[in-house]
1. At a probe size of 1.4 Å, how large is the accessible area of S318, to the nearest 10 Å²?
2. Compute the projected area of the convex hull of the Cα atoms of the stretch 112-262, averaged over all viewing directions, and report it in nm² to one decimal place.
3. Return the sequence-ordered ³J(HN,Hα) values of the stretch 99-106 in whole Hz as given by the Karplus equation 6.51 cos²θ - 1.76 cosθ + 1.60 applied to θ = phi - 60°, using x for Gly and Pro.
4. Using Stokes-Einstein with the Kirkwood hydrodynamic radius over Cα pairs, what translational diffusion coefficient do you get for the stretch 395-520 at 25 °C and a viscosity of 0.890 mPa s, in µm²/s rounded to a whole number?
5. Could you tell me the convex hull volume per residue, in Å³, taken over the Cα atoms of the stretch 600-660?
6. Given H placed on each backbone N at 1.01 Å, which residues far from K33 in sequence or on other chains put an amide H within less than 5 Å of it?
7. Any chance you could list the semi-axes, whole Å, largest first, of the equivalent ellipsoid that the Cα gyration tensor gives for the stretch 279-362, using √(5λ)?
8. Give the shape of the stretch 334-428 as rounded, prolate or oblate, defined through the alpha-carbon gyration tensor: a ≥ b ≥ c are the square roots of its eigenvalues, a/c under 1.5 means rounded, and otherwise the shape is prolate if a/b is larger than b/c and oblate if not.
Amino acid sequence: MLVLLAVSCQEKADKNPLLSKFDTPYQTPPFDKIKHEHYMPALDSAISVARHEIDAIVNNTEEPTFENTIEALDRSGKLLADVSNILFNLNEAETDSVLQQIVIEASPKLTDFSNDINLNPELFKRVKEVWEKRDSLTLTAEQQMLLDKTYKGFVSNGANLSEADKEKYRAISRELSELTVKFNQNVLAETNSYKLHITNEADLAGLPQSLIDAAAYTAKQKGLEGWVITLDYPMYGPFMKYADNRELRKQLYMAYGNRCFKGNEYDNQKIAQRIANLRLELANLLGYPNFATFVLENRMAETPERVNQFLDQLVAASLPTAREEVKEVEEFARQQGFKGKLERWDWSYYSEKLKNAKYSYNEEELKLYFQLEKVIDGVFLLANKLYGLTFLPNGKIPVYHPDVKAYEVYDGSGRFMSVLYLDFFPREGKSGGAWMTSFRSQYRENGKDIRPIVSIVTNFTKPTDKQPSLLTFYEFSTFLHEFGHALHGMLTDCNYSSLSGTSVYRDFVELPSQIMENFAVEKEYLDLFAVHYQTGEKIPQELVQKIIDSRNFQAGYFSLRQLGFGILDMAWHTITKPVTEDVDSFEKKVLNPLDVLPPVKGTNMSVTFGHIFEGGYAAGYYGYKWAEVLDADAFELFKEKGIFNREVAQSFRENILSRGGSEHPMTLYKRFRGQEPTIDALLKRSGLKK
Ligand SMILES: [Zn+2]
């Protein structure tokens, strides 16, 4: 069987570069040879190879062992991973309508394949047998993690349930997926159906020209005179900050806050309640007291109690400062002639003016210190100072677009670590934003270390014929952030691809990225490369201080706001009985203790809280703050010992960056830091504690 398969692959391989051994440096994808028509046949072949690999595991007549079942599963599907990584990565970075169509065609095939594995009772039987004898096996910590992850992956998909319960599980999952889609559609419909139509030019007072232009363009698109403001955040946010007309701010605020809360066909109150109750049912079916306990089992934070304690601690630390910040804005507003009670639709408006009065700096002036070429050198230099890494451009490595540059990455001992692609500029066919991704994960097979292929994709300001690419400070921080993810991917030193690199618990994955952002405001570091692109002058200290001060502006208020989202999320997902009270009173009970501004009747947050009701952040919103606490706490050690201290860096590499998900993140973290993280460093960094 396997011999025949190999032969047929060989035949196709002559024509299809995706199916032959990549004859390139480091076996990188042969982008120059891959054509659209190669994807589907390659994917079909790769799926069939993977199916045979799975069948071989299931049909093994030997008793299930860690090696012949758990390890074999991790080893399976490598060809499929190669092909689908190329397809999906290019669909984000360099796509066109044909490639998009291929993805649409490919996705159900891949879903079917993974369902066939996850729901394969014979396969699960073998996995379970290994799991049940785990205490008698001599496994390394990494092997224990792999066994645990594999087993729990099956169980969380309902593999361990009786036939009757499996049916229930499927029914709940089906209803949940319908409801979450409906939830999202309602938010979209309500966001899109509203428009603030302005016909009197005086009502534009205070707005920046870019927003006025966008509003005029939107009006034109809708066939209207004048200007139209929508509820899309890029319009809503600036309007609330800058519009002098208070009545219009109120109108827009109300329109935003009562989306999906008006009792019309797009109302999400019943849906949100039903989603929360169904998730409880699902968790109960799987043997958990509530949904959060189920989710957090695979998180660094581990339990709802710990998350709640964490959030409460931060609330206590943020609330007094937030109250002072509100007072400061109120006083400032009075100085500006404001009378009456400061409402929520006044908050951004006066805050923005106060921030400008206190910490304004010129973004354009700042950009002159961040020329892209110098920033690249600076980022590489940081990796060199910390980890001894060197980056060697290699023009022989094929790339998928002429803008992309490929590097070989070596560590201080000369060991080859990774291939790294950098792809900076926007173009048609590239998605917005910035991300790190991999074309191949790292793993070991028969003693051979397969090194990863990592990529950073961004949409930075392009150079012109008059000016080089000058990055905004935000773009520079973004680069450091994604580069941190890339280090996690490149310095990984694991045995199993499902645990290597960034394959870690979700509330741990932002530590390597966010810790890098701390360097962005370290003068000692900036002085090494952040020089004026024309005069060569170093970035002035006052400018750096203004960045820090403006970033920490209203730290208490913003912290509280994030915490509010996290607390509301936890409240919905720690219910142990179905919620029967209405969504609004449920929400108000949870959030009232955090209010520093007067509540507004007729508005509700839960009904548009897509992160938790529609997306994958259920019982996970706390993760944003958790990651901040981690990166501040970890960077504190660098601050203490020197930001380029090699010993600290070496320990961060050994205990965090190289270890992927091979052990529990708290274990890894404690090994680096000597103790569990505390909130102190974050409070200090954000100015909440002196
Ligand atoms: Zn990130």
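The values are calculated or read from the model by the stated rules, or taken from the named source; none is laboratory data. The shown structure was predicted, so the numbers you read here are calculated from the model rather than taken from an experiment. Cβ placement follows ideal geometry from the backbone for every residue including glycine, while neighbour counts extend to all protein chains displayed. When the accessible area is computed, the model is the full protein with side chains, heavy atoms only, and any ligands, DNA or RNA have been set aside. Shrake-Rupley method; radii C 1.70, N 1.55, O 1.52, S 1.80 Å.
1. In the full protein context, S318 sits at about 0 Å².
2. Directional mean of the projected Cα hull area for the stretch 112-262 stands at 15.4 nm².
3. Karplus values, whole Hz, x for Gly and Pro: 5, 4, 5, 4, 5, 4, 6, 6.
4. Estimated diffusion coefficient is 157 µm²/s.
5. 119
6. none
7. Values for the stretch 279-362, descending: 43, 15, 12 Å.
8. prolate
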